[in-house]
Amino acid sequence: MQEISVTSKKQPRHPLDDLIRTDRIPHIWCPGCGIGTVFSSCLAALKESGIDLKKTVMVSGIGCSGRAAGYVKLDSFHTTHGRAIPFATGLKLANPELNIVVFSGDGDLFAIGGNHFIHAARRNMDMTVICVNNLNYGMTGGQVAATTPYMAKSTTTPAGNPETPFNLPLMAYASGATYVARWTMLHTRDLTDSITEALCKKGFSFIEVLSPCPVNYGRRNKQKPLDMLKLYQEKAIIKNHADPSKLDIDFEKGIILGKFIDLDRPTFIEHYDKIYRPSRLQENVSGLNS
Amino acid sequence: MMKPAVLTGEYFMTGDVACAEGALAAGCRFFGGYPITPATEIAERMASRLPQVEGCFIQMEDEIGAMAAVLGSSWAGVKSMTATSGPGFSLMMENIGLGICTETPCVVVNVQRGGPSTGLPTQGAQSDMMQARWGSHGHYEIIAIAPSSPQEIFYLTITAFNLSEKYRLPVLIMTDEIIGHMSEKVIIPEAKLIKTVSRPKPKGRKDRFKPFAPGPNGVAPMPAAGEGYNLHITGLTHDEKGYPVMTVEAQTEMMARITEKIQKNLDDIIRTDSYLLDDAEIVIVSYGVSARTSMAAVAEARKLGIKAGLLRLVTIWPFPEDQIRELADRVKGFVTVEINLGQIHREVERCAGGKVPIFLVGHPGGTLIHPDKVVKMLKEAF
């Protein structure tokens, strides 16, 4: 039997290690899962953006993507199911100096948390929301979600999904988001650039990231682990500024990716200060305790 | 327009408004709310008053979001509150649990109305008392207090903030529509006479700090987001570092932390009041607006030669068990007076342990209990 030789006793450090709670690794994500890649793009973007990371907070809800808050070495909050955005709203209003990143899944943000999403977008609450969309509820074993394609199989739609999925960028735009983009986890450079841009942008920014769940979604829908990635590669159509109403995901005709919306309008806090706290604008006050 | 947080002076004020003023005097600078009768006036007062003291008010999309925002704001280092009534209180329960699990100071006011469901929106009740104790899932300790007048709600709101900051948990003010909408004289003292408590802040190296390692009184110091501690806060069972640990041992340790900090400080937390209790043979146990009914009934009963006295519960949870036990050894019986069909009554029964007879003067909700009903019970039962 051949001996396996260890070339180096010490693993080389990953360039993003300083942003990871390495004492919490290994993570819970399954082999073939795309969340880690999205998470890594997010960390790279946090570095790239140049924002003050000491003043940056990651907030997650519940689910596989919701575990991201537990691995990032920043102030991070793993809240209740669907409630990352209102929790983050409280953080931001109490200390407007904080940069807020909400990192969570499609089920968390758009089914149980859908109401909070549309209202935070309407208010133009200054935060960056990254939604890992794996088309199903992964953590609980693959149930139908508000994003599951029509007729796709899940444990709760065994003969196919009778419902129509949301067009997430359209919902974000219609609700008032000032930055809306969609990428897949395969488009890591575009994704990282997009998250960087969103982090630096004032107002409610939303990025949908398509990501495979081979264990719970692929397996029930005749997709081998690499099939979804091939779809991402072959069916992606990058079309910046595409009409949000034409962004329904269609794995046969094509998946439109890109930056769709990038506009400016005052944030909730800007309006609130102007109407209710004009003295703060003059004095440039930050936190509520100062 | 800047105005003082403490509006020193004499006023004719409703309980709801006095509650808001008490919160501002306690240092509350964030309110996340949702309109609901009969608690809306608290939100309305906070909406106009908070910006005057550099604070922030937001009306959220529902009570679930309101409670979540209150927790988020508290973790940004700001004293925070919300106010609601029964249906909204039900919606807040999950995030109240997150507040308990993550040891997050904040104050939740429930201006109770008749239930269940939509019930009697404009009429008072005291029927959420057990929901206050056990409404969120899992086993935990909670602090709930019940004011009996607008003046008292002013002071007890300050007390609620102080207890929440000291023991790091949501503190519930269980008032009712009658106190909330009643106008009475309220005296707001000078700011320097108001004692406020703020959460203990950590000292020492930030990289070694553990956000759930208890201090001498069982409570951990609490930094805010953005102070460089790289906090991780989760509603999963977690260790002293705040990291999720899915073991029986971690669960046992965490549960000990969140329950013992209350159980070992009962003397500091529990407040009761009494009226003619020293020589009483029959003790009325009551709280909130029903304690006022009970006080009138005691006075009337004494005129009739019945040696009645009142034990008024200011703190409902944790329940003043020892006081009931001691009384059970020396009195002839108890009467519980509350606007429900016997919630705190069961606690009194439990603590009296069958030593003496116990009667309930309850009401399904919608109105005050008349003192005559209590006097009648005192005459007939003993």
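The values are calculated or read from the model by the stated rules, or taken from the named source; none is laboratory data. For clarity, every value in this text was computed on a predicted model and none was experimentally measured. Note: ideal-geometry Cβ built from the backbone for every residue, glycine included; neighbour counts use all protein chains shown. Just so you know, the surface numbers come from the protein's heavy atoms only, side chains and all, with ligands and any DNA or RNA stripped out. Shrake-Rupley method; radii C 1.70, N 1.55, O 1.52, S 1.80 Å.
Quick grid of which residues meet (1) open to solvent by less than 10 Å² (accessible area, probe 1.4 Å); (2) within 26 Å of residue B:320 (Cβ to Cβ); (3) outside the structural domain of residue B:175 (by TED's automatic domain parsing):
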site: B:219; (1), (2), (3): yes, yes, yes
site: B:225; (1), (2), (3): yes, no, yes
site: B:229; (1), (2), (3): no, no, yes
site: B:233; (1), (2), (3): yes, no, yes
site: B:238; (1), (2), (3): yes, no, yes
site: B:244; (1), (2), (3): no, no, yes
site: B:256; (1), (2), (3): no, yes, yes
site: B:277; (1), (2), (3): no, yes, yes
Exercise for the section: Collect the residues in the stretch B:61-79 that are surrounded by 24 or more Cβ atoms within 10 Å (Cβ to Cβ) and within 7 Å of chain A (Cβ to nearest Cβ), keeping them in residue-number order. Expected result: B:64, B:65, B:68, B:69, B:70, B:71, B:72, B:73, B:75, B:76, B:78
Practice task
Give the residues of the stretch B:323-380 that are in contact with a Pro (Cβ under 9 Å, 6 or more places away or on another chain) and more than 29 Å from residue B:116 (Cβ to Cβ), sorted by residue number.
Solution key: B:332, B:333
Exercise for the section: For the stretch B:42-59, indicate whether the set of residues that are of a type in the set (Val, Ile, Thr), over 25 Å from residue A:275 (Cα atoms) and touching a residue at least 40 places away in the same chain (Cβ under 8 Å) is non-empty. Expected result: no
Completion exercise
Filtering helices (runs of 4 or more DSSP H) wholly in the stretch A:186-290 for at least 1 residues that are out of contact with any strand residue (DSSP E or B) (no Cβ under 9 Å at 6 or more places or on another chain) and within 14 Å of chain B (Cβ to nearest Cβ) gives A:268-276, A:278-283
Exercise for the section: Tell me which of these residue B:119 doesn't satisfy, since it passes every other one: (1) open to solvent by 10 Å² or more (accessible area, probe 1.4 Å); (2) under 14 Å from the mean Cα position of the chain (by Cα). Expected result: (2)
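Give B:41, B:54, B:94 a once-over and let me know the one that is more than 9 Å from chain A (Cβ to nearest Cβ), over 14 Å from residue A:89 (Cα atoms) and acidic (Asp, Glu).
Numbers: B:54 fails: more than 9 Å from chain A (Cβ to nearest Cβ); B:94 fails: more than 9 Å from chain A (Cβ to nearest Cβ).
Unique residue meeting the criteria: B:41.
For the structure I just gave you, tell me whether residue A:140 is surrounded by fewer than 24 Cβ atoms within 10 Å (Cβ to Cβ) and either closer than 21 Å to residue A:219 by Cα or modelled with pLDDT under 95 (or both). Show your work before the answer.
Numbers: surrounded by fewer than 24 Cβ atoms within 10 Å (Cβ to Cβ): yes; either closer than 21 Å to residue A:219 by Cα or modelled with pLDDT under 95 (or both): yes.
Yes; evaluated as a whole, the condition is true for this residue.
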Problem - The one condition in (1) buried (at least 24 other Cβ atoms within 10 Å of the Cβ); (2) within 11 Å of chain A (Cβ to nearest Cβ); (3) assigned to a helix (DSSP H, G or I) that residue B:48 fails to fulfil - result: (1)
Exercise for the section: Take the stretch B:327-377 and flag every residue that is under 29 Å from residue B:85 (Cα atoms) and among the β-branched types (Val, Ile, Thr). Expected result: B:335, B:336, B:337, B:339, B:344, B:348, B:361, B:367, B:369, B:374
Handout entry: Qualifying residues in the stretch B:325-344 (those that are hydrophobic (A, V, I, L, M, F, W, C) and farther than 25 Å from residue B:164 by Cβ) - the one most open to solvent (accessible area, probe 1.4 Å)
Key = B:341
Exercise for the section: Taking the options B:325, B:312, name whichever one is in a strand (DSSP E or B), assigned by TED's automatic domain parsing to the domain that holds residue B:280, at pLDDT 95 or above and in contact with a helix residue (DSSP H, G or I) (Cβ under 8 Å, 6 or more places away or on another chain). Expected result: B:312
Fill in the blank from the handout: Condition set outside any helix (DSSP H, G or I) and among the polar types (S, T, N, Q), scope the stretch A:158-176, selection surrounded by the fewest Cβ atoms within 10 Å (Cβ to Cβ): answer is A:164
Handout entry: Filter result (open to solvent by 10 Å² or more (accessible area, probe 1.4 Å) and either polar (S, T, N, Q) or more than 13 Å from chain B (Cβ to nearest Cβ) (or both)) within the stretch A:120-137
Key = A:126, A:134, A:137
Problem - Conditions (1) in contact (Cβ under 8 Å) with a residue 24 or more places away in the chain; (2) open to solvent by less than 20 Å² (accessible area, probe 1.4 Å); number of the one not met by residue A:155 - result: (2)
Handout entry: Any chance residue A:238 is open to solvent by 80 Å² or more (accessible area, probe 1.4 Å) and of a type in the set (A, V, I, L, M)
Key = yes
Practice task
Residue by residue through the stretch B:56-69, note down the ones that are assigned to a loop (DSSP other than H, G, I, E, B) and touching a strand residue (DSSP E or B) at 6+ places or on another chain (Cβ under 6 Å).
Solution key: B:60
Completion exercise
Across (1) under 30 Å from residue A:268 (Cα atoms); (2) in contact (Cβ under 8 Å) with a residue 60 or more places away in the chain, residue A:166 clears everything bar (2)
Handout entry: Candidate set: the stretch B:285-300, residues that are open to solvent by less than 10 Å² (accessible area, probe 1.4 Å) and over 22 Å from the mean Cα position of the chain (by Cα); chosen: the one farthest from residue B:368 (Cα to Cα)
Key = B:298
Problem - Residue that is farthest from the other protein chains (Cβ to nearest Cβ) [pool: residues in the stretch B:7-38 that are open to solvent by 20 Å² or more (accessible area, probe 1.4 Å) and small (Gly, Ala, Ser)] - result: B:9
Handout entry: Residue that is nearest to residue B:237 (Cα to Cα), among those in the stretch A:23-59 that are touching a Ser or Thr at 6+ places or on another chain (Cβ under 8 Å) and at the interface with another protein chain (Cβ under 9 Å from one of its Cβ atoms)
Key = A:59
